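All remarks here apply to the structure that follows.
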Amino acid sequence: MGASTVAVVTDSAASLTTELIDEFGITQIPVHLRIGRESLLDVDKASDARVNEALRARGLVSTHAASPSEIAAIYRKVARSGAESIVSVHVSSEYSAMLLNAREAATRSPIPVTFVDAGTTAMGQSLIVLGAAALAEAGRTADEVAGGALAIARSCRFLFTVESMEHLRRGGRVSAMVGAVGYLFNIRPVISIHDGETAVVDRVHKVERAREVIRSSMELYASTLAHPAACVGVPAGNAADKGLTFSIRGPVLEVAVGGSLAAHTGPGTCGVAVADMPPEFEAALLAHGDRREA
């Protein structure tokens, strides 16, 4: 099969590993991170570890979308690589200006850009992007790739839990009163992100129980899908904590929780995203596995 003429672009709010980015030919736009007066890009495990180190030291961490000019430069680079069109999949517009900036950048792109609002972030966004990349690799048109990504987004469910509610309270995701109650009574929320909406779906008293709620809920949801796949996020920078054990009928990818999510949810965040994927996705995984073994 020849090279795809459709390039898939996303931002680093997706918790994609360098290996997956390379294997699926995805182009990534880095999210800007600010730790106190220090600025860095959310591009690799080193930045993830730096964010978690700062959070554990109770430092202030914030995220900022790439500018339209930065994104436009990436679109031009993609065009020079030989792509004839771009499908640009971004973190929910409810959480970031990335999609808005990308739309402005597209006015300076030498090739057409089609946009997909993932309606989610992190591991959920990863599945949507990987599915889009698999469709592009299979030779689908830009409209087909974007349509497939939207179908994955509609099916995608993402649940996660946090070590502390303090960071959610700081970001305005929960009220100060709820955050204080969570701290006093050691409450761990189970949080859902879908279609741009964040909701607390359960509250339990231990991290282990929260993880069990996520595991059982998502394994049950996966059993209802035709072609389920999961992306499991484990806390970054903590090799001893493998987060969640998870098993479904379908591929399960494991990634570290990226700095973009941890900046808003705190260290120790872990979760699972599940989506109904196109058949091309599993075929692409098998093909990439064959290439790794060759």
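Report the residue count in segment 29-46 for those that are under 16 Å from A73 (Cβ atoms) and either among the β-branched types (V, I, T) or in contact with a Lys or Arg (Cβ under 8 Å, 6 or more places away or on another chain) (or both).
Residues of segment 29-46 under 16 Å from A73 (Cβ atoms): 29-32, 41, 43.
From the residues that got through so far, the ones that are either among the β-branched types (V, I, T) or in contact with a Lys or Arg (Cβ under 8 Å, 6 or more places away or on another chain) (or both) too are 29, 31, 43.
Selection size over segment 29-46: 3.
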**Prompt:** With respect to the numbered conditions (1) surrounded by 14 or more Cβ atoms within 10 Å (Cβ to Cβ); (2) hydroxyl-bearing (S, T, Y); (3) assigned to a strand (DSSP E or B), which one is the sole condition not fulfilled by S47?
**Reply:** (3)
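For (1) touching a residue at least 12 places away in the same chain (Cβ under 8 Å); (2) within 16 Å of the chain's Cα centre (by Cα); (3) outside the structural domain of A102 (by TED's automatic domain parsing); (4) under 18 Å from A134 (Cα atoms), each residue gets a yes or a no:
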site	(1), (2), (3), (4)
L16	yes, yes, no, yes
E19	no, yes, no, yes
I29	yes, yes, no, no
L41	yes, yes, no, no
**Prompt:** Within segment 50-62, can one find any residue that is under 16 Å from the mean Cα position of the chain (by Cα), at pLDDT below 95 and on the phi < 0 side of the Ramachandran plot?
**Reply:** no
**Request:** For E84, state whether it is farther than 29 Å from L220 by Cβ and modelled with pLDDT of 95 or more.
**Result:** yes
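Collect the residues in segment 21-35 that are touching a His at 6+ places or on another chain (Cβ under 9 Å) and aliphatic (A, V, I, L, M), keeping them in residue-number order. Even if it seems obvious, please write down each step before you answer.
Initially, segment 21-35 is screened for residues touching a His at 6+ places or on another chain (Cβ under 9 Å), giving 23-24, 29, 31-34.
I29, V31, L33 - these are the residues of segment 21-35 that are touching a His at 6+ places or on another chain (Cβ under 9 Å) and aliphatic (A, V, I, L, M).
Of all the residues that make up segment 216-231, how many are crowded, with 17+ Cβ neighbours inside 10 Å and either modelled with pLDDT under 95 or small (G, A, S) (or both)?
Residues flagged as crowded, with 17+ Cβ neighbours inside 10 Å and either modelled with pLDDT under 95 or small (G, A, S) (or both) within segment 216-231 amount to 4.
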**Message:** So A151 ticks every box in (1) crowded, with 19+ Cβ neighbours inside 10 Å; (2) within 28 Å of L261 (Cα to Cα) but one. Which box is left unticked?
**Reply:** (1)
**Fill in**
In the set V31, V113, V78, V87, the lone residue that is among the β-branched types (V, I, T), closer than 24 Å to T198 by Cβ and surrounded by 19 or more Cβ atoms within 10 Å (Cβ to Cβ) is V31
**Message:** I'd like the residue in segment 50-85 that is part of a helix (DSSP H, G or I) and among the charged types (D, E, K, R) and, out of all such residues, is farthest from A122 (Cα to Cα).
**Reply:** R80
**Asked** Among the residues of segment 120-136, is any modelled with pLDDT of 95 or more, not in a helix (DSSP H, G or I) and not β-branched (V, I, T)?
**Response** no
**Request:** Could you tell me whether segment 185-192 includes any residue that is more than 30 Å from A283 (Cβ to Cβ), in a strand (DSSP E or B) and at pLDDT below 90?
**Result:** yes
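The values are calculated or read from the model by the stated rules, or taken from the named source; none is laboratory data. Computed from a predicted structure; not experimentally measured. All Cβ positions, glycine included, derive from the backbone under ideal geometry; neighbour counts span all protein chains shown.
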